[in-house]
Amino acid sequence: MSEPSRKRELGRGERVLPGVWRLRLPLPWPGVPHCNAWAVAAGDGIVLFDTGMHEPGSFAHLERALAQVNLRVENVKLLVCTHAHSDHYGQAATILERTGCELWMHPDHEHMTRAAQDPDAAMERRVEIARMSGVPEAPLRAYQEARKGQGFGIAGIVEPDRDLLPGVEVETDLGTFEVVETPGHAPSHVCLYQRERRILISGDHLLGRVSLYYDYGHTPDPVGEFLESLGRVEDLDMRLCLAGHGRTFTDIQAHITANRVLVAERLEACLTVVRDHGPITAFAAVPLVYGDAITADNANWWLSETLCYLTHLEATGRLERVAAEPGDVAERWVSAA
Ligand SMILES: [Zn+2]
Ligand SMILES: [Zn+2]
């Protein structure tokens, strides 16, 4: 009997504007079938924004997508990463090796690069956070076992040749892209803004389909940072968004509003759950906040998202964290007195 094989996508390239190409690259993640890299004409080559994830065979997908729009990896004159997640930075090492071009990225990339340098320490830290959040030992051990030997989805650790900070300008045939710092989704996140053409390369800060994710444990309040970053891009005059996943979109204000509404709903849900069930661990709160059971697929994402909301509500004085009782390791959450 043949194995039921999951249909995998191939890398695909398409022109979205004169001098702008969308490179749609497959991902192995449930619910997130692909990500985008954006190629923008620059002189006799291109600036490549983001890279796709590194896994066996992944570079061929990038090459295939480029070939479909008559480009080659050798055309890349500069690599710009919106943030250091594997689907946006994973193939950076290979691209640099192949082209000798520079990498520009925000300096707060340790959430990826330090973890990749010391995977055991990163895993230990992750397990410790999970334990303190109330995750029981059995699923925690199963998770640890399942993750063993799994990489970070990056071809190698490469540091930026230039720090992508406000004031840095990325020159293309479309004009200059400015750097807008947008931490929240990841500490290293930036958007790139082309003022005259009102184009935003938004990475994962704004997506066509609203989907929230924050890196927990690297900065004091990722949700607060994300909300501030939404305000920062809202101040820009934009007509077209080139996002890290999915199609381009134009109703940018509606997307910003939809993000705010969803964050507010989740914060409200956390407040209600803690008020009605506190003292409660983050792990016990997750199914109540989302109204759905925890599974192996969603556990990681939902737990870190919930921890980010609880931390934000603590930072804004609405919830309090109660230290673990003797003989227990889990913190619990209660309404602020
Ligand atoms: Zn990301
Ligand atoms: Zn992404």
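Bear in mind that the values in this text are calculations on the coordinates, not laboratory data. Note that this is a predicted model, so its numbers are computed, not measured. Because the Cβ atoms are built from the backbone with ideal geometry, glycine has one as well, and the counts that use them run over all protein chains shown.
Quick look at the values:
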{"quantity": "Interchain or long-range residues, amide H under 5 Å from THR82's placed H", "calculated": "ASP50"}
{"quantity": "Calculated FRET efficiency for the pair ALA67/GLU102, C-beta based, R₀ 30 Å, to 0.05", "calculated": "0.80"}
{"quantity": "Most mobile listed residue (ALA122, ALA37, ALA65) in the chain, GNM with C-alpha springs under 10 Å", "calculated": "ALA122"}
{"quantity": "Cut-off under 5 Å, modelled amide H: who pairs with VAL76 long-range", "calculated": "ILE46"}
{"quantity": "Computed over the range 254-309, the ratio Rg/Rh where both radii use C-alpha atoms and Rh is Kirkwood", "calculated": "1.00"}
{"quantity": "Kirkwood hydrodynamic radius (C-alpha pairs) into Stokes-Einstein, the range 90-210, 25 °C and 0.890 mPa s, D in µm²/s", "calculated": "145 µm²/s"}
{"quantity": "For the range 38-54 and the range 213-282, distance of Cα centres in Å", "calculated": "28 Å"}
{"quantity": "Per-q log10 I(q)/I(0), the range 6-136, q = 0.10, 0.11 Å⁻¹ (Debye; single scatterer per alpha-carbon; no solvent)", "calculated": "-0.37, -0.44"}
{"quantity": "Distance histogram in 10 Å bins (all Cα pairs of the range 181-259, percent per bin)", "calculated": "20, 56, 21, 2"}
{"quantity": "Ranked list, fewest to most other Cβ atoms within 10 Å of each Cβ, for GLU305, GLU228", "calculated": "GLU228, GLU305"}
{"quantity": "Fraction of alpha-carbon pairs over 17 Å apart in the range 72-155 - percent", "calculated": "57 percent"}
{"quantity": "222 nm mean residue ellipticity, helices alone, for the chain (DSSP H n ≥ 4; -39,500 (n - 2.57); rounded to 500)", "calculated": "-11000 deg cm²/dmol"}
{"quantity": "Distance (nanometres) between label positions extended 7 Å along Cα→Cβ at ASN300 and ASP163", "calculated": "3.0 nm"}
{"quantity": "Compactness relative to 2.2 N^0.38 Å, alpha carbon Rg of the range 161-214", "calculated": "1.18"}
{"quantity": "Full-stretch length increase - ASP44, ASP118 - with 0.36 nm per residue and alpha-carbon distance subtracted", "calculated": "22.7 nm"}
{"quantity": "Relative packing of peptides 204-213, 280-289 - highest average C-beta neighbours within 10 Å first", "calculated": "280-289, 204-213"}
{"quantity": "Within the range 271-307, backbone nitrogen closer than 19 Å to the virtual label 7 Å beyond the Cα of ALA142 toward Cβ", "calculated": "283-288, 292-304"}
{"quantity": "Positive-end extreme of charge dipole, the range 190-314 - chosen from TYR193, THR257, VAL289 (charges on Cβ)", "calculated": "TYR193"}
{"quantity": "Estimated D of the chain in µm² per second, where Rh is the Kirkwood radius over Cα pairs and Stokes-Einstein applies at 20 °C, 1.002 mPa s", "calculated": "102 µm²/s"}
{"quantity": "Most fluctuating residue given options GLY134, GLY167, GLY278, as computed from a GNM of the chain linking Cα atoms under 10 Å", "calculated": "GLY167"}
{"quantity": "Degrees separating the helix 299-315 axis from the principal Cα axis of the chain, which is the longest one", "calculated": "70 degrees"}
{"quantity": "Förster-model FRET efficiency, 56 Å R0, ASP173 and THR272, C-beta, rounded to 0.05", "calculated": "0.65"}
{"quantity": "Likely footprinting exposure, CYS101, CYS191, fewest C-beta neighbours within 10 Å first", "calculated": "CYS101, CYS191"}
{"quantity": "Cβ-based exposure ranking for TYR193, TYR290, in which fewest neighbours within 10 Å come first", "calculated": "TYR290, TYR193"}
{"quantity": "For the chain, built as a Gaussian network whose Cα springs stay under 10 Å, the top-fluctuating residue of HIS245, HIS54, HIS218", "calculated": "HIS218"}
